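Reviewing the structure listed below.
Please treat every number below as a calculation from the coordinates, not as lab data. Small disclaimer: the values here were computed from a predicted structure and weren't measured. Because the Cβ atoms are built from the backbone with ideal geometry, glycine has one as well, and the counts that use them run over all protein chains shown.
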Amino acid sequence: MNGLDPHGPDASHIAGLFWLMVAIGGAIYVVTMAILVVALFRRRPRLNDSASRNDRAFIIAGGVIVPTVVLAVIAFATVRVTNRVTAARDDPVHIDVVGYQCWWQVVYPGTTAVTANEIHIPVGRPVELGLESVDVIHSFWVPDLAGKVDLIPGRRNTLSLQADRAGTYRGQCAEFCGLQHTHMALLVIADPPDTFDDWLRAQAKPAGSSSPVFDQATCAGCHTIRGTHARGDIGPDLTHLASRSTLGSVTVPNTHENLARWITDAQSMKPGSNMPPVELSPADLDALVAYLESLD
Ligand code: CUA
């Protein structure tokens, strides 16, 4: 994550504002230190009228005029960047992101696609995110692509972003939200438009099959697998779990071993998460993991 290596117009505007502030702040530091050095080595002049007039002019210039100009320039630049990053976009892709302790639900309005923690977007096209929370305040931050916006219960915020190059950009919840705040990461995956369309079509489809183990274990009480009887709405939608590259909100890679461990002992991987340990016979665990791995 590096906001100074922007991969989209919004992050570029913000990085530009950062460098402007660094340049102005750096120049003020250098000038102030130079004046300090001069003051240390200059002999104090005898007090007379002309000296005190010079002092007064120096104080007015250095204490009033220069700060006013500097702050006005920074305020103008800040308002301009704020207007740019919050401006309405032409033909954006709408995606809703809902914060949970401690993971992200991702909904594609107008389709049946629901996923978690990994947000696919098309390259080169503006995206408008609707940001909401079901529990506490979270904050959505993908520094390479855009600024940071809070997800506040009972309120809908929006954030526009755009990726100019295909790639995977990591994001992080940026507001302390519970024991697993640190592990509330996300990935924004910018795909070429055709790849994105194919991905979205695949995600909108229901699962190809159901699993008696999944339905009989406690899984279905919390998780949805579209096209089956599992319709829980507490944990992430698992309809296409196998298409995701990570588990536990980008805590571990989505591998066979991690998936089995996540089911039986998520607390050792993400202590304090809402995923309880699920007790299963070895045969049932194998069947469950095999089923979840088939959900691509
Ligand atoms: Cu969600 Cu920190």
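Compactness of region 92-202 is given as radius of gyration and Dmax, 13.1, 39 Å, from Cα positions. Ellipticity at 222 nm from helices only: DSSP H runs of n ≥ 4 in the chain, each -39500 (n - 2.57), divided by the residue count, give -12500 deg cm²/dmol.
Report the FRET efficiency, 1/(1 + (r/R0)^6), for residue 182 and residue 88, where r is their Cβ-Cβ distance and R0 is 25 Å, rounded to 0.05. With R0 = 25 Å, the Cβ-Cβ based efficiency is 0.15. Within region 49-124, the percentage of alpha carbon pairs spaced more than 17 angstrom apart rounds to 70%.
The label-point distance for residue 204 and residue 72, in a model that sets each label 7 Å from Cα toward Cβ, rounds to 5.4 nm. Normalised by the number of residues in the chain, the mean separation of alpha-carbon contacts (under 8 Å, six or more apart) gives a relative contact order of 16 percent. Beyond 16 Å, what share of the Cα-Cα pairs of region 137-212 is found? Please give it as a whole percent. Looking at region 137-212, the distances longer than 16 Å represent 63 percent of pairs. Normalised Debye scattering of the chain at q = 0.13, 0.14 Å⁻¹ gives log10 I(q)/I(0) of -0.92, -1.03, counting only Cα atoms as equal scatterers and leaving out solvent. Taking N as the residue count of region 233-285, its C-alpha radius of gyration divided by 2.2 N^0.38 Å amounts to 1.10.
If the chain linking residue 168 and residue 64 were pulled fully straight, counting 0.36 nm for each residue of separation and taking away their Cα-Cα distance, it would gain 32.7 nm. Once the gyration tensor of the Cα atoms in region 122-175 is diagonalised, the equivalent ellipsoid follows with semi-axes of 22, 12, 7 Å, ordered largest first. Model label points for residue 23 and residue 137, set 7 angstrom from Cα along the Cα-to-Cβ axis, are 3.4 nm apart.
In angstrom, the C-alpha Rg and Dmax of region 5-114 are 24.8, 82. A Förster radius of 51 Å, combined with the Cβ-Cβ distance separating residue 125 from residue 264, puts the computed FRET efficiency at roughly 0.80. Where is the GNM fluctuation largest for the chain (alpha-carbon springs, 10 angstrom cutoff): 63, 167, 235? In this elastic network of the chain, the residue with the biggest mean-square fluctuation among 63, 167, 235 is 63. Once the C-beta distance of residue 274 and residue 194 is scaled by a Förster radius of 30 Å, the resulting FRET efficiency is 0.20 to the nearest 0.05. Which of the three applies to region 156-278, rounded, prolate or oblate, going by the alpha-carbon gyration tensor with a ≥ b ≥ c and a/c under 1.5 meaning rounded? Oblate.
Label separation (residue 216 vs residue 79): 6.8 nm, computed from points 7 Å beyond Cα along the C-beta direction. In whole angstrom, note down how far apart the Cα centers of region 153-190 and region 106-126 are. If you average the Cα positions of each part, the centres end up 13 Å apart.
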